Protein chains: 2
Amino acid sequence: MSSSDDYPHAPKFTNRRPDGDLLERSVCERCGFVDYQNPKVVVGAVVLQGSKILMCRRAIEPRKGYWTLPAGYLELYETTEEGARREALEEACAKIEIDRVLAVFSLAHISQIQVLYRARLADPHIEAGPESTEVGLFGWDEIPWTEIAFPSVVWTLAALKRNWGKDDFAPATNPPEGAFAFPPAGPPEV
Amino acid sequence: MSSSDDYPHAPKFTNRRPDGDLLERSVCERCGFVDYQNPKVVVGAVVLQGSKILMCRRAIEPRKGYWTLPAGYLELYETTEEGARREALEEACAKIEIDRVLAVFSLAHISQIQVLYRARLADPHIEAGPESTEVGLFGWDEIPWTEIAFPSVVWTLAALKRNWGKDDFAPATNPPEGAFAFPPAGPPEV
C-alpha cells in the first residue's frame, strides 16, 4: 500500500491543446509533461527456406490456435531489422537473415503500423518458442489458409508471391478495401 | 490545485517484468495497467515537382533555421500515407500525391523509425506553414547541403537520387556507419 507521501508527486493530467499543437493531448498540470500517444510499430518477416515459408501457430490470444508470421511490437532502442530478427528467434527459435522490405501496412483503426521484411533462414533449426504451439515450413499451396490469424498475414503472403524472385520491387502497402477475403478459402489470387 | 480526492485514483507505478514478458515495464500496482513504451514513427516525403525537391526551413527547434523535408510524428488512427500528406500540408501548405516507399530508417538511439515516401506536388502552390520560415523547390545541385537539419535528410535525398526515374526499387534502409558525412560539404556521392 502507499502512504500519503505519494500524493504531491502524483501526476494531474487534463486534456488540452498544448501551445503550438493542433491536437488535444494529455498534459500534466503539475509539471507540463505532455503524454503524446502515437501509433505502435509491429515488425516481422516472411522467412524463407528455399520456397517454403516459416509460420507459427499462436499459443496466445488474440487468435490463439491460428497461424501467423513471426512478428511483434518493436521495442525501445531497437532497429526494425533487429526487432524482426528478435521476433523470429522468440516465436520460432529461428535465426534469420533480413533480405529487404516487403511491406509497410497501416492498421489505422488500431493505431498500428507494420513493417514486414522478406528474410531467409540462416540455420535450418526451428522450434516453437513460448508464444507458439507449433512452427512449420509451408509451400504456397500447403499454407493453412483457412486458419490464418490476421488479414495482414494474407496481405503479406500475397506481397511475397507477387514479388517472388524479384530483387527490386516497391513494398506492398494497404490493399484496396475488400481485395482479399478473410478468412481466405484458399490461396489468394495475386 | 487539487484536493485529496485525487489521491485514491492516482496510479502507482513500479518497474517489473509482467508475467509472460521478457522486459521490465512500468506497471500500475493499483490496476495492473502496463505502460508499454515503444518507438515512435516519423512519416514524411520527398516531394517532387519535375526534378525539383520541396524543402522547408525550420522555424522551430531542434535545428531551427536549417533545411529539412516535410515530416513529423504519425498521429493515432492515421495511416503512414495520411501522415505524410498531413505533414506536407502543415509545413509547406503543399498538396501531395504519394508515389511509393522511398526509405525505412531506424534511429534506434532515439527510439524513432522513419517511413519516407517519394511523392509529387499535386498543386503548384507552396507556402511556409507555422513550423517553417521558408519553403522552396531545389534542383539537386541547388539544395542547401551545408544547412541540412538532420543526417536522415541526407540519407533520404541520397535514396531519391540513387533510384531516380525507377519505378521498382528496394527502399533504402540505414546506411553503413560513416557512409555520409554530416553536415555535408556538398551533394553526397550516390
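The values are calculated or read from the model by the stated rules, or taken from the named source; none is laboratory data. Not measured: the values here are computed from a predicted model. So basically every Cβ, Gly included, is an ideal-geometry build from the backbone, and we count neighbours across all protein chains shown. Just so you know, the surface numbers come from the protein's heavy atoms only, side chains and all, with ligands and any DNA or RNA stripped out. Shrake-Rupley method; radii C 1.70, N 1.55, O 1.52, S 1.80 Å.
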Area accessible to solvent at A:Phe182, 1.4 Å probe radius, in Å²: 80
Sequence-distant lysines (8 or more away, or on other chains) whose Cα lies within less than 25 Å of A:Lys64: A:Lys40, A:Lys52, A:Lys95
Distant-in-sequence amide H partners of A:Leu107 (H built 1.01 Å from N, under 5 Å): A:Gln112, A:Ile113, A:Gln114
In the A-B interface, the accessible area buried, summed over both sides, Å² (probe 1.4 Å): 3700
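Take every DSSP beta bridge with both residues inside the protein assembly as shown and express the antiparallel ones as a percent of the total, to the nearest 5. Spell out each step's value before the answer.
On the way: 58 of 80 bridges.
Here the antiparallel bridges make up roughly 70 percent for the protein assembly as shown.
All other residues with a Cβ under 12 Å from the Cβ of A:Pro124 taken together, and with Lys, Arg as +1 and Asp, Glu as -1, what is their net charge?
Numbers: positive: A:Lys52, A:Lys95, A:Arg120; negative: A:Asp123, A:Glu127.
Computed value for this residue: +1.
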Cut-off under 5 Å, modelled amide H: who pairs with A:Asp99 long-range: A:Arg118, A:Ala119, A:Arg120
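In debye, nearest 20, what is the charge dipole magnitude of the protein assembly as shown about its Cα centre with +1 on Lys and Arg Cβ and -1 on Asp and Glu Cβ, if you could check?
On the way: 40 positive and 56 negative charges, 77 e Å.
That gives a dipole near 360 debye.
Around B:Arg100, under 13 Å between beta carbons, what's the net of Lys plus Arg minus Asp minus Glu among the other residues? List each step's numbers first, then the result.
On the way: positive: B:Arg118, B:Arg120, B:Lys166; negative: A:Asp168, B:Glu81, B:Glu97, B:Asp99, B:Asp167, B:Asp168.
Its environment carries a net charge of -3.
For chain A, what is the convex hull volume of its Cα atoms per residue in Å³?
On the way: hull volume 33.0 nm³, N = 190.
Roughly 174 Å³ of hull volume per residue.
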Mean Cα-pair separation over length for chain A, i.e. relative contact order, pairs under 8 Å, 6 or more apart, %: 21
Solvent exposure of region B:40-162 as accessible area per residue, Å², 1.4 Å probe: 39
In degrees, nearest ten, helix A:151-162 long axis to first principal axis of chain A (Cα): 40
Extent along principal axes [Cα atoms of region A:1-90; Å; largest to smallest]: 59, 40, 24
For the protein assembly as shown, convex hull volume per residue from C-alpha positions, Å³: 162
Neighbourhood net charge (11 Å Cβ-Cβ; Lys/Arg +1, Asp/Glu -1) for B:Pro187: -2
Options A:Pro18, A:Ala128, A:Leu107, ranked by Cα towards positive dipole end of chain A, top entry (Cβ charges): A:Leu107
Choice from A:Ser111, A:Ser26, A:Ser152 with maximal GNM fluctuation in chain A (Cα, 10 Å cutoff): A:Ser26
